[in-house]
Amino acid sequence: MTTPVLYDVQGPRARRRVLIGSIVGGLILLVLIGLAVQRLAANEQFEYAKYEPFFNEPQLYERLWEGLKNTLNAAGYAIVLASVLGVLLAFGRLSRQPLIRLPAVAVIEFFRGVPLLLLIFALFLAFPIVVGTDLPALWALVLALTMYNGAVIAEIIRAGVQSIPKGQTEAAYAIGLSRGQTLRMVLLPQAIRVMLPALISQLVVLLKDTSLGFVIGFSELLRTGGQLVQALNNPLQLYLAVALIYIIINSLLSGLASYVEGRQRRTSGRTPVAPTQVETGLGTV
Amino acid sequence: MNEVLDNLDVFVRGFRTTVSLTLLAAIGALIVGTLIAAMRVSPVPPLRWAGAAYVRLVRNTPLTVVFFLVVFGLPEVDVKLPFFRFAVLALTIYTAAFVAEAVRSGINSVAAGQAEASRSIGMTFGQTLRLVVLPQAFANIVPPLASVFIALLKNTSIASAFFIFEGVQAMNQLINSFGNAVIPIIAAAALAYLLLALLSAFLFGLLERAVSAGR
């Protein structure tokens, strides 16, 4: 834990005050929870019927598993494609040729500035007109996720490259490497290591965003949850279960990110660049 | 192209809702988020835990799931509101977690030595907070807060799936009526979002310059 800026190590009087604060604060929290429970009970949300499907409806887990598989599938494709696009765009963004750099900047800023939902609709609706055949929902989702996250990953890599000490570039030039070789062989490998925590955090965002697939009828986890709700009539319980699945997966990913961050701080002594430092443009999250 | 220009009023109506959703949820998230950040940096353990739990749970839940829980879950416990208010509520709950993180990291990024120095010259807790820590914290908070609110602007588009006529819904309605002009209609909607995002980035840039003027 970081040292608190706001207060010192507490003396006996401050400790007593904190204790009183803990009791009062704890009581307020308990009252709030109690009110919520009462409200739930008054509306029959604790009836066994609402939970029964979780115990004796094997189909429920089968369906959720199907949905989860689709979610992970879409996320998997999008992660691979977005990484490739991200590296390519980062190369363009770091190029000294304005003819390469400026289009890369435009593409990155466009995809970061437009809602992902709009990109999904755009692919789903415009693709058949331009190409002549329908684009399956999975691919509309995957390609939209690729464009948006590719742009964000490019910015993450760029921030990483710019955080590498200048001496590295100078040394690479001194031994006769070209600009491209310097980038490819010296800067990029270091940048990706430094930015690994930020990249993993972006994967959490990507995984969460696959849930937008429901708008174009892609049967990911959330949509299968919604279909089950129509049959079982327990929206609160089922959507909470869906939320829980997302929370577990994403917590694991976030845990991985902070593990990598901690390991890097120990091995290289260099602080990894925090994800927030990348988000200065049109914004991620 | 004519389809877009002839129906500008539809777009204006939609994006007016986008803007009001953004502003209302931003105000709500700022209040709730600051409160949660205050809980997280307070010396009182139960409040710290509750704040941390909120951030952790909400940040790992997709906004769409928050929307489903609010729009279809709350009526189950007899909370029935117009869809617009549900949307503001869902966006507020979600964005507050990110605001809390921005505010907390802003406070934590003030070097501890600053507060120690002000205590050592005899300032009270209130003076330390008001004169030394918070001004520096605010300057640090503006850039991450800007990206949180621009993300919020884009996130309001999810309300289109919940019976709310905002920017993306306006786009969809025009596409339904003018199937032969899909691409200009989508381009116009994208342009509108980009302009709104640029405008917010510009305003936050001014704010950033204002709060960091003293440095």
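Here are a few things to note about the model shown:
- Geometric extent, Cα atoms of region A:171-274 - Rg, Dmax (angstrom): 20.8, 69
- Rounded if a/c under 1.5, otherwise prolate or oblate - chain B, Cα gyration tensor axes: oblate
- Interface burial for B against A (accessible surface, 1.4 Å probe, total of both chains, Å², rounded to 100): 5000
- All lysines inside 25 Å of A:K208 as judged from Cα atoms, apart from same-chain residues fewer than 8 positions distant: A:K69, B:K154
- Kirkwood-based shape ratio for region B:69-166, expressed as Rg/Rh from alpha carbons: 1.21
- Most fluctuating residue given options A:R223, A:R158, A:R263, as computed from a GNM of chain A linking Cα atoms under 10 Å: A:R263
- Per residue, in Å², the accessible surface of chain A once ligands and nucleic acids are set aside, probe 1.4 Å: 51
- Accessible-area composition of region A:151-202, carbon plus sulfur, in percent [1.4 Å probe]: 60
- Note on chain A: with a GNM built from Cα contacts shorter than 10 Å, the maximum mean-square fluctuation among A:G26, A:G113, A:G67 falls on A:G26.
- Simple Cβ-charge dipole of chain B, Lys/Arg +1 and Asp/Glu -1, about Cα centre, in debye nearest 20: 740
- Zero-based 5 Å bins, Cα pair distances in region A:1-120, whole percents: 2, 8, 7, 8, 8, 7, 7, 10, 11, 13, 11, 6, 2, 0
- Here, chain A yields an orientationally averaged convex hull projection of 21.9 nm² when only Cα atoms define the hull.
- Volume of the Cα convex hull of region B:18-136, divided per residue and given in Å³: 124
- Average beta carbon contacts from partner chains per residue of B:191-200, 10 Å cutoff: 3
- Packing here is the average count of other Cβ atoms within 10 Å per residue, and on that basis the peptides B:39-49, A:38-48, A:198-208, highest first, run A:198-208, B:39-49, A:38-48.
- For chain B, the longest principal axis of the C-alpha atoms and the axis of helix B:134-155 are separated by about 20°.
- The packing ranking of peptides B:74-80, A:212-218, A:174-180, highest mean first, is A:212-218, B:74-80, A:174-180, where packing means the average number of other beta carbon atoms within 10 angstrom of each residue.
- Å² of accessible area per residue within region B:28-120, as computed with a 1.4 Å probe and no ligands counted: 39
- Carbon/sulfur fraction of accessible area - region B:109-215, other protein chains in place, 1.4 Å, %: 67
- A viscosity of 0.890 mPa s and a temperature of 25 °C, combined with the Kirkwood radius over C-alpha pairs in the Stokes-Einstein formula, give region A:89-244 a diffusion coefficient of 135 µm²/s.
- Cα gyration tensor, region B:88-136 - rounded (a/c under 1.5), prolate or oblate: prolate
- The fraction of accessible area contributed by carbon and sulfur in region A:22-107 is 69 percent, rounded to a whole number (1.4 Å probe; ligands and nucleic acids excluded).
- Members of region B:125-152 that become less accessible by 40 Å² or more once partner protein chains are added (1.4 angstrom probe, chain alone as reference): B:S147
- Taken about its Cα centre, region A:64-135 carries a charge dipole of roughly 380 debye when the Cβ of each Lys and Arg holds +1 and the Cβ of each Asp and Glu holds -1.
- Neighbouring partner chain Cβ atoms per residue of A:234-244, average, 10 Å criterion: 5
- Reported to the nearest whole Å, the Cα centre-to-centre distance from region A:1-76 to region A:122-195 is 38.
- Peptides A:95-102, A:255-262, ordered by how many other C-beta atoms sit within 10 Å of their residues on average, highest first, read A:255-262, A:95-102.
- Shielding of B:38-50 by partner chains, average beta-carbon count, 10 Å: 5
- Kirkwood-type radius of the protein assembly as shown, with distances r between different C-alpha atoms, in Å: 24.7
- Scaled to the globular estimate 2.2 N^0.38 Å, the Cα spread of region B:121-215, given as radius of gyration, is 1.65.
- On Cα atoms only, tilt of B:167-177 relative to the major axis of chain B in degrees: 10
- Note on chain A: GNM, Cα springs under 10 Å; of A:P197, A:P12, A:P136, the largest mean-square fluctuation is that of A:P12.
- Shielded residues, region B:165-181 - accessible-area loss of 30 Å² or more between chain alone and all protein chains, probe 1.4 Å: B:V168, B:M171, B:N172
- For region B:157-194 versus region B:86-137, the gap between their alpha-carbon centres in whole angstrom: 39
- Interface residues of region B:77-93, defined as a loss of at least 40 Å² in heavy-atom accessible area between the chain alone and the complex of all protein chains with a 1.4 Å probe, are B:V77.
The values are calculated or read from the model by the stated rules, or taken from the named source; none is laboratory data. What you are looking at is a predicted structure, and each value in this text was computed from that prediction instead of being measured. With ideal geometry, Cβ positions are generated from the backbone for all residues, glycine too; neighbour counts draw on all protein chains shown. Ligands, DNA and RNA are excluded from the accessible area calculation, which covers all protein heavy atoms including side chains. Shrake-Rupley method; radii C 1.70, N 1.55, O 1.52, S 1.80 Å.
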